[in-house]
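Undergrad: First the structure, which I've put down as structure tokens, then a few questions once you've had a look.
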Amino acid sequence: MLRAKRQPSGPLAKRSAEPPTRFPAYLALADSLEVQIRANVFRPGDRLPSVRSLCEDHRLSMETILHTFRVLEDRGLLEARARSGFYIKFRDQSPEPLPQLLRLEASPVEISKLRYQAFSMGNAKDVVPLGTAVPAPEILPAIKLARMISAIARSSASEIVGYTEPAGHPKLRRQLARRASDWGCLMKPEDFIVTNGAAEALSLALRTVCPSNSAVLVESPTYYGILEMIENLGLGVVELPTDPRTGVSPEDIEHAVQSIPRIGACLLVTNYSNPLGCTLSVEKKKRLVSILAKYQVPLIEDDIYGDLCPPGDRRPVAAKAFDAEGLVLLCSSISKTLAPGLRVGWIAPGRFRDQILQLKTNQTLACPTITQLAIAEFLEHGSYDAHLRKIRTFFVDQLQRFSNAVSSYFPSEIRVSRPQGGFVLWIEFAGRLDTTELAARAMNQHRIAIAPGCIFSANGKNYRNCLRLSCGYPWSARMESAIQTLGQLAKRG
């Protein structure tokens, strides 16, 4: 006779009642967070709660939380940022713009009125500021600078009401010489001349080195302010094809110098160019300086974006670092990093120092003393380096947020630049979309300012299907709505 099998009792019975395998806590949490990420509870660029807070909320160990983050990183949903935390990773971007084929020939500059309108209207207070490449006031150390200026006004009243040296206040030039090592340069205070922003520095350089009826080699597309200066001086332009990732070709520059008569200068933004955001490699910079020295053509180097490298990256060197003959005129300012309204810039003009200084003295005599002293103090006491660390992280996040929104809301066949630094995006549309008309509709109907691509070309005919977006103002619902509106306008054609 078969007897019924006895059921186990005691601890063994409790063990057999439980599921044979328990789902690991780190995987359960990873799956839960993935659901929230894909539902946009956490959006690209958002910072996840800290490890400590997640430990407390879920009653899990720090090791378990870190294991969760590693799983999400492997799934392509999360990225770690040094000394900052864990962030939702941005999705795949649109393809990059393609270099445009350009004829190497001198041509006049023709559309300054449109450039003026883009700048003046883009700075109106009631406009969504996506057109002008300036940092938002709220990310700049305005209060700290104001306190410094106030303190200097009280302590050095007799000095600030008088003229300083035409070359600039010695304190500021000393600080610039100290910072030059970050650019790969060994300089002395007397190597610098302080200017009213980088615009005056570039203008002085062009007026000094370019004979009348000569032409200037520039990137294409290039910053419209540079083109306008060249136009105002009655000079011609030779536009160089520019790769969105690697920049201009030194071989193209040599070919242009050999084949086009009366090249007065080459003017390039060597680090994080505007509007493409590309940087010339060290090898290209060396080759560029060597070629131009061979033909005795001055290089006017605009390094205004050089300090805006990604956080953790080493600041790229300037082409000036390889200048053995004094033919490189290095221009820059604090307008993109610290305080555009203070109008503090400089030029390291090499062998052209005496001519530049005489022209500067005849033109504006000297720059305001109080602003020079304030910037010198800011540089001297380490505040600038701390500020740079902050805004470098900010701009990287901004570029990712804006690029992600453009990819989401704009037509699917667009191409979007992937800047290596700075804070502007270059967008290329397929088909016949005219961004000049798009910019007019965006401004007139929605008070959104953008920079149409045609103003980044000398003749106003190239890049009519492109536009530049500035990412200098913090991402917000207003910014997202503006990008969405631009996408809708673009889709209508």
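The values are calculated or read from the model by the stated rules, or taken from the named source; none is laboratory data. Keep in mind that this is a model prediction, so the values were computed, not measured. Every residue, glycine as well, gets a Cβ built from its backbone with ideal geometry; the counts of neighbours run over all protein chains shown. Only protein heavy atoms, including side chains, enter the accessible area calculation; ligands, DNA and RNA are left aside. Shrake-Rupley method; radii C 1.70, N 1.55, O 1.52, S 1.80 Å.
Undergrad: Per residue, how many Å² of accessible area does the stretch 332-430 show with a 1.4 Å probe?
TA: 35 Å²
Undergrad: Listed highest first by mean packing, meaning other Cβ atoms within 10 Å per residue, what order do 264-273, 367-376 come in?
TA: Final packing ranking: 264-273, 367-376.
Undergrad: Hey, rough spin-label estimate for residue 445 and residue 181, points 7 angstrom out along Cα→Cβ, what's it come to in nanometres?
TA: In this crude spin-label approximation the distance works out to 5.7 nm.
Undergrad: Tell me the net charge near residue 306. Cut-off is 10 Å between Cβ atoms, residue 306 excluded, with +1 for each Lys or Arg and -1 for each Asp or Glu.
TA: -3
Undergrad: Please provide three numbers in whole Å: the alpha-carbon extents of the chain along the principal axes, with the largest listed first.
TA: 119, 59, 46
Undergrad: Sum up the charges of everything whose Cβ sits under 9 Å from the Cβ of residue 73, counting Lys and Arg as +1 and Asp and Glu as -1, but leave residue 73 out.
TA: Taking every Cβ under 9 Å from that of residue 73, the sum is +1.
Undergrad: Follow-up. How long is the gain from residue 480 to residue 381 if the chain were fully straight, where each residue apart is worth 0.36 nm and the alpha carbon distance is subtracted?
TA: Extra length available between residue 480 and residue 381 comes to 31.9 nm.
Undergrad: Report the label-to-label distance for residue 38 and residue 212 in nanometres (one decimal), using points 7 Å from each Cα along the Cα→Cβ vector.
TA: Going from the residue 38 label point to the residue 212 one covers 7.1 nm.
Undergrad: Can I ask one more? Apply the membrane-span-like helix rule to the chain: whole DSSP H runs, Cα extent along the own long axis of at least 30 Å, mean Kyte-Doolittle hydropathy at least -0.5. List the helices found.
TA: Within the chain the helices that satisfy the rule are 383-409.
Undergrad: Suppose only helical runs count, i.e. DSSP H with n ≥ 4. What mean residue ellipticity at 222 nm does that imply for the chain under -39500 (n - 2.57) per run, divided by all residues and rounded to the nearest 500 deg cm²/dmol?
TA: After summing the helix terms and dividing by the residues of the chain, the value is -13000 deg cm²/dmol.
Undergrad: So which of 89/461; 320/390; 294/360; 89/320; 284/461 end up more than 32 Å apart, counting from Cα to Cα?
TA: Check vs 32 Å cut-off fails for 89/461; 89/320.
Undergrad: Suppose R0 equals 56 Å; then what is the FRET efficiency for residue 389 and residue 23 from their Cβ-Cβ distance, rounded to the nearest 0.05?
TA: Here the calculated transfer efficiency is 0.85.
Undergrad: Can you give me the distance in nm between label points at residue 150 and residue 190, each placed 7 Å from the Cα along the Cα-to-Cβ direction?
TA: It works out to 4.0 nm between the two label points.
Undergrad: Let me ask another. Ranked from the most accessible area to the least, with a 1.4 Å probe and all protein chains present, what is the order of 26, 163?
TA: 163, 26
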